[in-house]
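Structure record follows, encoded as structure tokens.
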Amino acid sequence: MTVQMPENRGTAGGPDRAPQIVESGGAARLHLTLAATDYDHVRDLMNGTVRVDGITLTSFVLPVEEVFFRFIKNREWDISELSFGKFIGFASQGDSPFVGIPVFPSRVFRQSAFYARADRKIASPKDLVGKTVGIPEWAQTAGIYARGYLAESCGIDLKSIQWVQAGMNQAGREEKVEFKLPKGIRYEQRRDASISALLLSGEIDAAISARVPDAFKQGEGKIVRLFPNYRAAEARYYRETGIFPIMHVIALRRALFERYPWVAMNLFKAFEEAKARSLERMHDLTASRIPVPWSAAIAEEWGKDFGNDPFAYGLEANRKTLDAFCRFAHDQGVTAKRMTPDDLFPKEMRASVRV
């Protein structure tokens, strides 16, 4: 089964519109737009505290679903946070309208994404065999990682599950990229219902979702987590595999990159600086820079498993996770061909200056 998406020809202004050159302090700078959701490790770039060499940024802080939808559909800004699943799907088809840089603003383990009806006797991943499982999108990044975990770590044949695609809390959600399901995968789209409603009615047995279903919060115990202690399960998964799931990537309009290739590395350096400032705040014992008790102690605890930089950017530092995602995405039919980590980013991002 192939799921095709309608052709996108961009906005009235055109996805290939030329960026403007503006004068700033007597020097010409490229004026670009950037959209992302609100992260502490990106905030100093978004608010202008960190400057990008040669660039003046106009930034938009928006809900992540809106950022993805408006960039994929209309290319409304020059630089955007983007679903990694959508990004790799476009990249595999050739001539993608997007060019990625190895900046990963969101990384989340996904054992926390499994929910089940309490009355279906689903106590372990193996119990999902023969069951009906709801998903917001087949090509959702969280789902790709979760199904990769089921297949590789739990030995579950994805063909043994009936998959139902629908909006998580609202009806009408659709797939956003074209993909070809592997032979034997049972997949149904439900435009008339939400996953939460289907869980509560009992039409499906379980769900995989990055967003917490309303049914879990409002279901009075009818819906439970498959992994109640998901932090322990996720820590074990990391120790066993070395995979720290990357959810989102930063992407540029291809037309921008082809005209100004230097933009990619300059942006990368600025994102790195913003993250370093955020990590410094996290380790600050002088004052509580984030509203979390013992935040500095928690940050030190991360170092035991993740080192000094728990959210590493760049290709080499993330090769194991990137390679796993390439494998998961292709095995699940999200990519038209098997990608490698080196295929995902331009050559300008695969080398660094050494002094």
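The values are calculated or read from the model by the stated rules, or taken from the named source; none is laboratory data. Please read these numbers as outputs of a predicted model, since none were measured by experiment. We place every Cβ from the backbone using ideal geometry, glycine too, and count neighbours over all the protein chains shown.
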Qualifying position, being surrounded by fewer than 18 Cβ atoms within 10 Å (Cβ to Cβ) and in contact (Cβ under 8 Å) with a residue 24 or more places away in the chain, among 323, 284, 331: 331
Some residue of segment 42-62 being modelled with pLDDT of 95 or more, of a type in the set (Asp, Glu), over 25 Å from residue 344 (Cα atoms) and outside the structural domain of residue 343 (by TED's automatic domain parsing): no
Filtered residue count, segment 166-185, keeping only those that are in contact with a Lys or Arg (Cβ under 7 Å, 6 or more places away or on another chain) and free of Cβ contacts under 8 Å to residues at least 40 places away in the same chain: 5
Any hit, segment 120-139, residues being part of a helix (DSSP H, G or I) and polar (S, T, N, Q): no
Residue selected from segment 160-180 under the condition hydrophobic (A, V, I, L, M, F, W, C) and at pLDDT 95 or above, by the criterion nearest to residue 217 (Cα to Cα): 166
Residue match in segment 213-225 (condition: farther than 14 Å from residue 135 by Cβ, assigned to a loop (DSSP other than H, G, I, E, B) and at pLDDT 95 or above): yes
Residue 65, sole failed condition from (1) of a type outside the set (A, V, I, L, M, F, W, C); (2) in a helix (DSSP H, G or I); (3) in contact with a Phe, Trp or Tyr (Cβ under 8 Å, 6 or more places away or on another chain): (3)
Extreme residue, farthest from residue 270 (Cα to Cα), among residues of segment 82-118 that are among the aliphatic types (A, V, I, L, M) and in a strand (DSSP E or B): 116
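Here is a yes/no grid of residues against (1) farther than 21 Å from residue 121 by Cβ; (2) of a type in the set (S, T, N, Q); (3) crowded, with 17+ Cβ neighbours inside 10 Å:
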{"residue": "169", "(1), (2), (3)": "yes, yes, yes"}
{"residue": "175", "(1), (2), (3)": "yes, no, yes"}
{"residue": "184", "(1), (2), (3)": "yes, no, no"}
{"residue": "204", "(1), (2), (3)": "no, no, yes"}
{"residue": "207", "(1), (2), (3)": "no, no, yes"}
{"residue": "213", "(1), (2), (3)": "no, no, yes"}
{"residue": "217", "(1), (2), (3)": "yes, no, no"}
Scan of segment 170-196 for residues that are assigned to a loop (DSSP other than H, G, I, E, B) and under 19 Å from the mean Cα position of the chain (by Cα), ordered by number: 173, 174, 175, 176, 177, 178
Selected residue (criterion: farthest from residue 144 (Cα to Cα)) from residues of segment 305-346 that are of a type in the set (S, T, N, Q) and not in a helix (DSSP H, G or I): 308
Among the residues listed as 250, 290, the single one being over 30 Å from residue 166 (Cα atoms), under 24 Å from the mean Cα position of the chain (by Cα), outside any helix (DSSP H, G or I) and not basic (Lys, Arg): 290
Identity of the residue in segment 93-113, among the polar types (S, T, N, Q) and either surrounded by fewer than 22 Cβ atoms within 10 Å (Cβ to Cβ) or within 11 Å of the chain's Cα centre (by Cα) (or both), that ends up farthest from residue 276 (Cα to Cα): 93
